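Trainee: Pasting in a structure now, in C-alpha cells, and then I'll have a few things to ask.
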Amino acid sequence: MAIRIAIPGEWTKRSDLVAAIRKASPGYVIAGKAIKHAESGVEQPFALEDHDPNLAANFAQLRYDSGLSDAELAAINSHPKVAWLADSLGMGQAQALLRWSSPFAAAGLGVCVVSASKVHTAGAWLQLARSVDDPEALWAAYVSLNLRPDRSAFYSSGMQHFELPDASLPGDLDMGEAGEILRAFNLHLLEDAPTLREGLVFQPFKEGTQLRIVSKGASPFPAGHVQHNPYGEWVLAR
C-alpha cells in the first residue's frame, strides 16, 4: 500500500513543467525523474504521464466538496499531463509528500489524493501544506468522508496514510452530524493515540449522538485496492 497523489497540469511537455515549477516555486528544480530542493539537495521521485481520463472523471465526481469552479474543472478535464507522487504509508511520509507535492500544485490545476479518493483545489492544497505539523490539516488533506452505495453506513477513507484504522457509522444518521462525528473520531486517533476496545462509548459532543464501538473490522476495500486500509476499520453503532 502507498500514498498516491496526482496533480494534473496544462504542461504539454516536460520542459513546460520544468519552467512552471521554476517560476511558481524557485526553491525547487526538476532533476531527472525527481524534484529537488535546491538548498538542501534532497530529492523526491515523481512520474510525468499523459492525460488520464479516469483522473479527470474522479475530479468531476468528487468536486462537490472541493470548491473547484467550472472553469477549473474544465481545465482539469482537458489536462495534457499529470504528475504522480507516491510514498509508503506513515505519518512522516504523509507530511513529506504534502510538502513535495506543493511545487507541482503551485504549477498545476488541482490535487487528487487517489489513495483516499479526495480532490482539492491547488490553492487549498498549498494552504494545507503550510501546516504539515497540524493534525487537522493532515486530516483535511488526506482523509475523505463517504456514504456507502447502499446507504448503510458513513465511513472515512485515508487514515491508512497515518498507519491508523478508518471508521464507520450508521447510515441513518444526519449527514452533517455523521461527518462531524467521523472527523472527531479520526482526529481522536490521530492526536491522542487512544487504546480502544469493543464496548467503549464515544460521544464527542455534549448534546450529540452517543455511539458504541462494536467491532474492529476489515477495510471495506479489498487488498490491492488503492484505498485499502491494512489497519482495518472501527465500526461504531448506536
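Any read-out appearing in this document is the output of simple, stated calculations on the displayed coordinates, not a laboratory observation. These figures come from a predicted structure and were not determined experimentally. Counting neighbours? That spans all protein chains shown, and the Cβs are built from the backbone with ideal geometry, glycine included.
Trainee: Sort 151-163, 35-47, 189-201 for me by packing, meaning the mean count of neighbouring Cβ atoms within 10 Å per residue, highest on top.
Mentor: Top to bottom by mean Cβ count within 10 Å: 151-163, 35-47, 189-201.
Trainee: Quick one: check the C-alpha center-to-center distance for region 62-99 versus region 161-193, whole angstrom.
Mentor: Result: 22 Å between the Cα centres.
Trainee: Shifting gears a bit: Which of these, D52, D133, D65, has the largest mean-square fluctuation under a Gaussian network model of the chain (Cα springs below 10 Å)?
Mentor: Judging by the Gaussian network model, the answer is D65.
Trainee: Let me ask something else about it. Dimensions of the chain along principal axes (Cα, Å, largest first)?
Mentor: In descending order, the Cα extents are 57, 37, 33 Å.
Trainee: Put +1 on the Cβ of each Lys and Arg and -1 on the Cβ of each Asp and Glu in the chain; which of G41, N229, L190 then has its Cα farthest toward the positive end of the dipole?
Mentor: Result: G41.
Trainee: Another question, then. Using the alpha-carbon atoms, what tilt in degrees (0 to 90, nearest 10) does helix 14-24 show relative to the longest principal axis of the chain?
Mentor: Once rounded, the angle reads 70 degrees.
Trainee: Here's a follow-up. Quick check on region 25-157: what are the equivalent-ellipsoid semi-axes from the Cα gyration tensor, as sqrt(5λ), descending, whole Å? Working shown, then result.
Mentor: Numbers: eigenvalues 126, 70, 35 Å².
Its equivalent ellipsoid spans semi-axes of 25, 19, 13 Å.
Trainee: With point charges of +1 on the Cβ of Lys and Arg and -1 on the Cβ of Asp and Glu, referenced to the Cα centre of the chain, which listed residue (W11, S101, L173) lies farthest in the positive direction of the dipole?
Mentor: Farthest towards the positive pole: W11.
Trainee: GNM on the chain, C-alpha springs below 10 Å: top fluctuator among A83, A105, A75?
Mentor: Looking only at A83, A105, A75, the biggest GNM fluctuation is shown by A75.
Trainee: Using the Kirkwood radius over Cα pairs, work out the Stokes-Einstein diffusion coefficient for region 110-202 at 10 °C and 1.306 mPa s, in µm²/s as a whole number.
Mentor: Numbers: Rh = 14.0 Å.
Answer from the Stokes-Einstein relation: 113 µm²/s.
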